[in-house]
Amino acid sequence: MRPSLCLKIDSDLESVGLVAKAVRALCSNGLGPEALDEVELGVAEAINNVIKHGYAGRKGSSVEIRAVLSIDRVVIDILDQAPAMPQTALEARDPWSRIESGQTEDLPESGMGMALIQMTMDEVSYSSDAGINQLRLTKLLAH
Amino acid sequence: MLSTETIDEVLIIRVEERRLDASKAPAFKDDVGQIIDEKANRLVLDLTLVEFIDSSGLGVIVSVLKRLGPSGNLAIAGANSTVRRLFSLTRMDRIFKLYDSPQAAVEAMQT
């Protein structure tokens, strides 16, 4: 059987670290240190997004995380019942596009979450059906 | 959450959290803002105890840089490999100077 985990947390930002670390631990047999950092970051950013934007920062709703590690990839599903986000939200603009200007004022302080999810994962997809949203993050194992 | 110390007129702010993430960012921003308003413009953020930072935590660090203004000097010290990875992914390693220890950062600021 493939190693997997399923966790359900309250929509509380305080709980996100626990899940991100659990998914990291699940992957520790297949991924190197840099890829583990990326998985932990991508998962944390994705759940933060659900809680901050989907549930408007309110506690009392649930977020479910299912992760499966197989021979060539880890697939992480994040499920919530918040209002769905538009598919265009997946297309992260580059928050650092003006970094070369050298102007400190141009540096972003927020809006980096989706860009980081895209940078840390190999595939990101989103679907919404019958009131349940599913964000699927896939990270390929290097061979 | 934070402790401070001054070495050679450089203020060291030590972050006493393992995770500087979205759940901690608002309080971190308030606390560090108060310290900056009261004190010097040469500052080292000591991340030795920090194991993980997300984009919210990074956003606060950027806001500190902005708040210091053009005359300010902000260095990052003690970032572990996970935190350094975030800085390189977001290209913030081009904006911030990263040092292995607060002492190394203070020494660099004297020259």
### Query
When residues of the range A:18-34 are filtered for being facing chain B (nearest Cβ under 10 Å) and either basic (Lys, Arg) or under 22 Å from A:ILE71 (Cβ atoms) (or both), how many remain?
4
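One line per residue, one yes/no per condition, for (1) surrounded by fewer than 18 Cβ atoms within 10 Å (Cβ to Cβ); (2) over 17 Å from B:LYS24 (Cα atoms); (3) hydroxyl-bearing (Ser, Thr, Tyr); (4) touching a helix residue (DSSP H, G or I) at 6+ places or on another chain (Cβ under 8 Å):
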| residue | (1), (2), (3), (4) |
| --- | --- |
| A:VAL16 | no, no, no, yes |
| A:LYS21 | yes, no, no, yes |
| A:LEU31 | no, yes, no, yes |
| A:GLY42 | no, yes, no, yes |
| A:GLU45 | no, no, no, yes |
### Task
Looking for whichever is open to solvent by 30 Å² or more (accessible area, probe 1.4 Å) and under 17 Å from the mean Cα position of the chain (by Cα) here; the options are A:GLN103, A:GLN81. Which one fits?
A:GLN81
### Task
Give the range B:23-50 a look and list any residue that's over 19 Å from B:LEU68 (Cβ atoms), open to solvent by 10 Å² or more (accessible area, probe 1.4 Å) and not in a helix (DSSP H, G or I), or say none.
B:SER23, B:LYS24, B:THR48, B:LEU49
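I'd like to know if the range B:83-93 contains one or more residues that are within 12 Å of another protein chain (Cβ to nearest Cβ), among the small types (Gly, Ala, Ser) and either closer than 26 Å to A:ALA35 by Cβ or not in a loop (DSSP other than H, G, I, E, B) (or both). Can you show your working first?
If we filter the range B:83-93 for residues that are within 12 Å of another protein chain (Cβ to nearest Cβ), which is where we start, we get B:83-93.
Narrowing further to those that are among the small types (Gly, Ala, Ser): B:88.
Retained after the next criterion (residues that are either closer than 26 Å to A:ALA35 by Cβ or not in a loop (DSSP other than H, G, I, E, B) (or both)): B:88.
Yes, there is a match, as at least one residue in the range B:83-93 is within 12 Å of another protein chain (Cβ to nearest Cβ), among the small types (Gly, Ala, Ser) and either closer than 26 Å to A:ALA35 by Cβ or not in a loop (DSSP other than H, G, I, E, B) (or both).
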### Message
open to solvent by less than 50 Å² (accessible area, probe 1.4 Å) and touching a helix residue (DSSP H, G or I) at 6+ places or on another chain (Cβ under 6 Å): which single residue out of B:LEU11, B:LEU2 fits that description?
### Response
B:LEU2
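The values are calculated or read from the model by the stated rules, or taken from the named source; none is laboratory data. A quick note: this is a predicted structure, and the numbers were derived from the prediction, not measured. Virtual Cβ from ideal backbone geometry, glycine too; neighbours counted across all protein chains shown. Note: accessible area is taken over every heavy atom of the protein model, side chains too, but ligands, DNA and RNA are not part of it. Shrake-Rupley method; radii C 1.70, N 1.55, O 1.52, S 1.80 Å.
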